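The values are calculated or read from the model by the stated rules, or taken from the named source; none is laboratory data. Note that the structure is predicted; figures quoted are calculated from it, not measured. Reconstructed Cβ throughout: ideal geometry from the backbone, glycine too, with neighbour counts over all protein chains shown. Calculation scope for accessible area: heavy atoms of the full protein, side chains included, ligands and nucleic acids excluded. Shrake-Rupley method; radii C 1.70, N 1.55, O 1.52, S 1.80 Å.
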Amino acid sequence: MKSMTLILLISLCVSMGRSDFAPCFYDNGAGSSNGNMGLFSISEDTSVGSHVYTLNGSDPEGEPVTYDMTFDKGSKEYFSVEPKSGNVTLIQTLDREVQDEIVAFVTITDGRNKVVENVRVFITDANDEKPEFLDLPLVVDVPEDAASGSSIYRVQAVDRDLGSGGSVTYYLQETFLHQLSFRLQSTPSTKFTIDGHSGALRIRSGESLDYEVSRTHFVTVVAKDGGGKYHGKYQVMTSTAIITINVLDTQDSPPVFVATPYFGFVYEVSVPGSEIFTVSAKDGDQNNPNTMHYSILSGSDGFFSINSTSGCISLTSFPVQLRNELYELQVKAAEVGADRFSDYSVTTVTVRVVDLNNHPPTFYDENGPQNCFELSMYEHPPEGEILRGLKITVNDSDQGANAKFRLLLVGPSRVLRVVPQTVLNEAQVTIIVENSSAIDYEKYQFLTFKLLAVEINTPERFSATAEIVINLLDTNDNIPKFSSEFYIARIPENSPGGSNLVSVTATDPDSGLWGEVKYSIYGSGADL
Ligand SMILES: *[C@@H]1O[C@H](CO)[C@@H](O)[C@H](O)[C@H]1NC(C)=O
Ligand SMILES: *[C@@H]1O[C@H](CO)[C@@H](O)[C@H](O)[C@H]1NC(C)=O
Ligand SMILES: *[C@@H]1O[C@H](CO)[C@@H](O)[C@H](O)[C@H]1NC(C)=O
């Protein structure tokens, strides 16, 4: 109960011998002002120097009285008293929030008798306090997926004034970012709202946060009191604070493939179902990771498949069916989460088909592997002519570098030549006449060559050899030749007819009929 405590040390106007009565303060009854400053209250915003009260009392004998006021030792002296008039002046600044009542001793004396009374003076509130924010600085960490409209923080400010002046409401203001000492992206406070009474800070409905767009928002919040009197005027007091809203990256980071780049190998011994490589991706949101769903987007040509849960890539065909040496698989890892398959990453898995070089080059004719090819042809074919009678195929069924080899023709030099000179995997072998005159039946009835296929880039240098035998057929390419360019014959005159004159010989190296020679003579006297 708020009541004045009045202690009368010598409170009654009693007789003090020789019928000299002590002076006393007027007492006008409860609810009215008393002359002793009892029941008095003073507003904390009262200016120093103000005349705030007049002590009032009298002496029964009508003697003039004087007044005084004292304070406990060590406590502040708030008032001074003008002894004759009893005028009380405020001499110290008041602050209800620090001290809300003053204990004083008021005295009245007629010169002989002194009456001291203990009084309490109450200090009443004025609206002199600003709302003060608690928990400064105001920093809020919000996951970027916080729901639109959700409450993310509760701002609290306290105003120590009483009543309306001590009530607090809140509102948001545009933030003046240029006042901040560091440069920031301007983020209008329209993303947020605050509940005026509770101070609950919310994401405005229809708005959302995005870590990738803005990691920090600054919002100015104003705390306002309900207003009250101060120095006779109505005043409202406010405080502002900046709320730093840190947006936390959450649940939307794409998966990350671990330990890239990825290389896998297919060996010749692989079979359908053989494991080639296992990819692994982790959710970028490490706190609450989702499981992964793997798939091959492209590049497999139907030869590879992936286990959607384990990330294991396996072969679906036999290696011999793989036409390329390299396959670049685009592999996707998607999160299985709330937003099904929305977050994903893609990586490349390079699969190399590894060949063991277990196939040497081999020559073939229409009937299969062959190491001897024979041909009959006439001598002196035209230069540049293809030996069409030879149907030679060469093949190395390894892959890539292992299937690359050179073709060589070994034999009488510069007679025939072979194309192509280098082969990848397979080629038709063509043999072309280079020097016609060297192909002469009269010199050789058959020609033999060795056709070589030698791997170029392999450590093994596998090779193949085939014999090429060319049986030459004669043509009538030689004219008969006399054994001498001229013959001299001497014969005695009158020799009888039928006498031998001279024997001439002509020969022709061609075979058969083309080599037979017939003689005849002509010229003057030939008829003899
Ligand atoms: C003192 O009190 C008396 C009696 O109530 C009153 O008549 C008088 O005016 C008062 N004096 C002052 C200065 O207030
Ligand atoms: C006491 O206060 C009254 C009222 O304000 C004033 O008229 C008077 O002059 C004062 N007396 C002295 C001695 O200051
Ligand atoms: C995928 O891998 C998981 C885990 O290794 C396994 O349990 C599952 O059987 C595999 N699925 C297929 C289709 O092979």
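Selection over the stretch 410-449 of residues that are under 19 Å from Pro382 (Cα atoms) and not in a strand (DSSP E or B) gives a count of 16.
Pairing residues of the stretch 461-477 that are basic (Lys, Arg) with residues that are surrounded by fewer than 18 Cβ atoms within 10 Å (Cβ to Cβ) and at pLDDT below 95, at Cβ distances under 9 Å and at least 6 apart in sequence or on separate chains, gives Arg461/Val454. Under the condition of being among the polar types (S, T, N, Q) and within 30 Å of Met377 (Cα to Cα), the residues counted in the stretch 475-528 number 5. Against the definition (modelled with pLDDT of 90 or more and closer than 30 Å to Val517 by Cα), how does Asn471 come out, yes or no? Spelling it out, Asn471 is indeed modelled with pLDDT of 90 or more and closer than 30 Å to Val517 by Cα. I'm trying to understand the selection: among the residues of the stretch 104-128, which are open to solvent by 20 Å² or more (accessible area, probe 1.4 Å), of a type in the set (D, E, K, R) and within 29 Å of Asp45 (Cβ to Cβ)? Result: Arg120, Asp125, Asp128.
Taking the stretch 234-282 and the strands (runs of 3 or more DSSP E) fully enclosed by it, the elements with 2 or more residues that are outside the structural domain of Ile313 (by TED's automatic domain parsing) and touching a residue at least 24 places away in the same chain (Cβ under 8 Å) are at 238-248. Residue count for the stretch 212-236 under the criterion of being open to solvent by 10 Å² or more (accessible area, probe 1.4 Å), more than 39 Å from the chain's Cα centre (by Cα) and under 21 Å from Ile194 (Cβ atoms): the result is 3. On inspection, Gly86 qualifies as of a type in the set (Gly, Ala, Ser) and within 16 Å of ligand 2 (Cβ to nearest atom).
Scan the stretch 508-528 residue by residue and report those that are acidic (Asp, Glu) and surrounded by 11 or more Cβ atoms within 10 Å (Cβ to Cβ).
Listed by number, the residues that qualify are Asp508, Asp510.
The residues of the stretch 41-79 that are of a type in the set (Gly, Ala, Ser), within 16 Å of ligand 2 (Cβ to nearest atom) and surrounded by 14 or more Cβ atoms within 10 Å (Cβ to Cβ) amount to a single one, Gly57. Within the stretch 129-142, the set of residues being under 30 Å from Ser214 (Cα atoms) and open to solvent by 50 Å² or more (accessible area, probe 1.4 Å) comprises Glu132, Leu134, Asp135, Leu136, Pro137, Val139, Asp141.
Taking the criterion of being among the β-branched types (Val, Ile, Thr) and crowded, with 18+ Cβ neighbours inside 10 Å, the residues of the stretch 370-414 that qualify are Ile392, Val394.
State all residues of the stretch 80-95 that are outside any loop (DSSP other than H, G, I, E, B), within 16 Å of ligand 1 (Cβ to nearest atom) and open to solvent by less than 20 Å² (accessible area, probe 1.4 Å); if no residue qualifies, say none. Correct list: Val88 only. Listed residues Val103, Val115, Val121; which is aliphatic (A, V, I, L, M) and within 16 Å of ligand 1 (Cβ to nearest atom)? That would be Val115, the only listed residue that is aliphatic (A, V, I, L, M) and within 16 Å of ligand 1 (Cβ to nearest atom). Being outside any helix (DSSP H, G or I), closer than 20 Å to Glu325 by Cβ and out of contact with any Gly (no Cβ under 8 Å at 6 or more places or on another chain) is a property that does not hold for Ala401. Checked against the criterion of being hydroxyl-bearing (Ser, Thr, Tyr), in contact with a Ser or Thr (Cβ under 6 Å, 6 or more places away or on another chain) and within 16 Å of ligand 1 (Cβ to nearest atom), the stretch 39-57 has no qualifying residue.
Summed over the stretch 416-455, residues that are within 28 Å of Asn395 (Cα to Cα), among the aliphatic types (A, V, I, L, M), in contact with an Asp or Glu (Cβ under 8 Å, 6 or more places away or on another chain) and crowded, with 19+ Cβ neighbours inside 10 Å total 5. Residues that are open to solvent by less than 60 Å² (accessible area, probe 1.4 Å), over 22 Å from Ser397 (Cα atoms) and not in a strand (DSSP E or B) within the stretch 303-355 comprise Ser308, Ser310, Gly311, Gly337, Ser342, Asp343, listed in sequence order. Residues in the stretch 148-165 that are under 22 Å from Val213 (Cβ atoms) and touching a residue at least 60 places away in the same chain (Cβ under 8 Å): Ser148, Ile152, Tyr153. For the stretch 197-218, a residue qualifies if it is under 30 Å from Ser164 (Cα atoms) and part of a strand (DSSP E or B), and the qualifying residues are Ala200, Leu201, Arg202, Ile203, Phe218. Screening Val98 with (1) hydrophobic (A, V, I, L, M, F, W, C); (2) part of a loop (DSSP other than H, G, I, E, B); (3) open to solvent by less than 30 Å² (accessible area, probe 1.4 Å) gives one miss only, at (3). Within the stretch 372-401, residues that are at positive phi reach partners that are in a loop (DSSP other than H, G, I, E, B) and open to solvent by less than 70 Å² (accessible area, probe 1.4 Å) with beta carbons closer than 8 Å, at six or more positions or on different chains, in the pairs His380/Ser436; His380/Ile439; His380/Asp440; His380/Thr475; His380/Asp477; Gly400/Asp355.
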